[in-house]
Amino acid sequence: MDFAIGLSQTLKQEQTLSPQMLQSLALLPMPLLELQAHIQQEIESNPALEIPDSQFDLSLDSPAERSLDDRMDDAEGSDYEDMAYQAGSADPEASDRKQMMIENSCANGETLAQHLLVQLGETPTTEVVNEIAQMIISSLDANGFFQMPLEQLFQEKNFSKADIDSAVALLQSFDPAGVCVADFRASLILQAKLSGMAQSDLEIFSQMVNTHLEKLKAGKFKEVATSLKIPEEDLQTFFSILKGFTPYPGQSFSSDSLAGVEPDFSVHQKNGELVLDINRSMLPELSISADFEALADDLSGDQAKEAGSYIRESIRNARTLINQVNLRFKTLYSAALAIMEFQSEFFFKGPRYLKTMTLKDIAEKIGVHETTMSRLAQSKWVETDWGLLQLKYLFSQGVASTSDEGASVSRNAVKDMIAEIIREKGALSDQKISDLLLEKGIKCARRTVGKYRAELNIDSSYSR
């Protein structure tokens, strides 16, 4: 075999991502607290960054006053594109603000799972119940709620129902009160039970939470009191007790090494209109230190070249970070506006009116790729009049409708309907629930009803 040494040329196309683009992609999926920790690290490592006096303040006009297209045009204007760079005199308070931001940044804390496991380790129980409890703890979400039905969690195990019930009851007795349940309504009821509320009062409280929260939020106390057949004064007492409970007890603990959850934006009703607020209050508006930039002008001697290179590199990295942080908020701003308009009925009327919405729908509306929207939707939270929700909750595939328009209905809305039917009519079969949904114009097969019922952690009609 003849081996030869030589040179050859080949021509090929190859797409690469710049460091700036990679940083932009990394910032998009970051939740607010993680972004705060990232900025803190950059402030500590880059002397070119400082926190100026002026702080970011994003205010939006109401949707009734301006169209979505107009507001999205503003999102691309100079308020977002201008770098927060101001040359000028030295700021003697910059270092104080920088230190304050660092000290107020979120520190690592105990997670909900760790908190529950510590209590489990201190509680005498059988080996089997202990194993079941550990499995349940590992399956809880950040709120302390079940992520899957217990039958599905233990389908490959031979645990008895009595042992599973014992493990659930044990975990429900732990701190914080209200964990190890299906949803926030069950959590509120459990907290009332653990507070020592009398059984007769607990039944009224449970009916109030399961059926009338939306009306209470709208201030319809007289209507709710009539429905519950109690004096309005008693209803006010129950409502005061309700406000003392926490609907999402697990959120007081850290998750993924970050304590609690901070909404990235909020949508609330004010004076009959929807108002959107982007949450940037936890983050400083960054700028380039004029004093640090001026150091390059005073350099001389053998080390001037090396020091000048370091100064220029630090300033370049600082400008890149400022631009990418602003780009993240610009994209979030545009997406939040589009979501608010798309799901306006949900924000006004509640979960029943959640529309089918996909990442592609919003991506096309704001002019970004679907993968960009997917990154942005990761680990984001939105505060609404209906609770603190993960942003992905608003994105849902649809169930076919019999309406003339042929519009589909969100799966989450269908689940809410199923839960309400079971609360009002009791132990109905999945087929009967399917028939009742069809009367409401929702085509949902028996098997699909069973699947959604299981996801709601509701037993079959036979078990109930």
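Below are the figures for this structure:
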| item | result |
| --- | --- |
| At R0 = 51 Å, FRET efficiency that the Cβ-Cβ distance of D435 and A304 yields, to 0.05 | 0.05 |
| Calculated FRET efficiency for the pair M282/K217, C-beta based, R₀ 35 Å, to 0.05 | 0.85 |
| Amide H within-cut-off set for D385, under 5 Å, with H built and near neighbours excluded | Q269 |
| Gain upon complete extension [E156, R352; 0.36 nm per residue less C-alpha separation] | 67.1 nm |
| Heavy-atom surface of the stretch 141-251, accessible at 1.4 Å and reported per residue (Å²) | 52 Å² |
| Cut-off under 5 Å, modelled amide H: who pairs with N279 long-range | F265, S266 |
| Spin-label pair K443/Q199, simplified geometry with 7 Å Cα→Cβ offset, distance in nm | 4.7 nm |
| Of K161/K440; K380/K415; K305/K330; K222/K349; K380/K432; K157/K440, those spanning more than 30 Å from alpha-carbon to alpha-carbon | K161/K440; K305/K330; K380/K432; K157/K440 |
| Cα gyration tensor shape of the stretch 257-400, rounded if a/c is under 1.5, else prolate or oblate by comparing a/b with b/c | prolate |
| Residues D183 and A427, FRET efficiency given R0 of 22 Å [Cβ-Cβ distance, rounded to 0.05] | 0.65 |
| The stretch 234-372 - percent of accessible surface contributed by carbon and sulfur, probe 1.4 Å | 47 percent |
| Gain in span if fully extended, Q378 to K229, counting 0.36 nm per residue against the direct Cα distance | 49.2 nm |
| Inter-probe distance in nm under a simple model that places probes 7 Å from Cα toward Cβ, at Q236 and R312 | 7.2 nm |
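The values are calculated or read from the model by the stated rules, or taken from the named source; none is laboratory data. Everything quoted here is computed from the prediction, not taken from an experiment. Cβ: placed from backbone, ideal geometry, glycine included. Neighbour counts: every protein chain shown. Accessible surface is based on the protein model in full, side chains and every heavy atom, while ligands, DNA and RNA are left aside. Shrake-Rupley method; radii C 1.70, N 1.55, O 1.52, S 1.80 Å.
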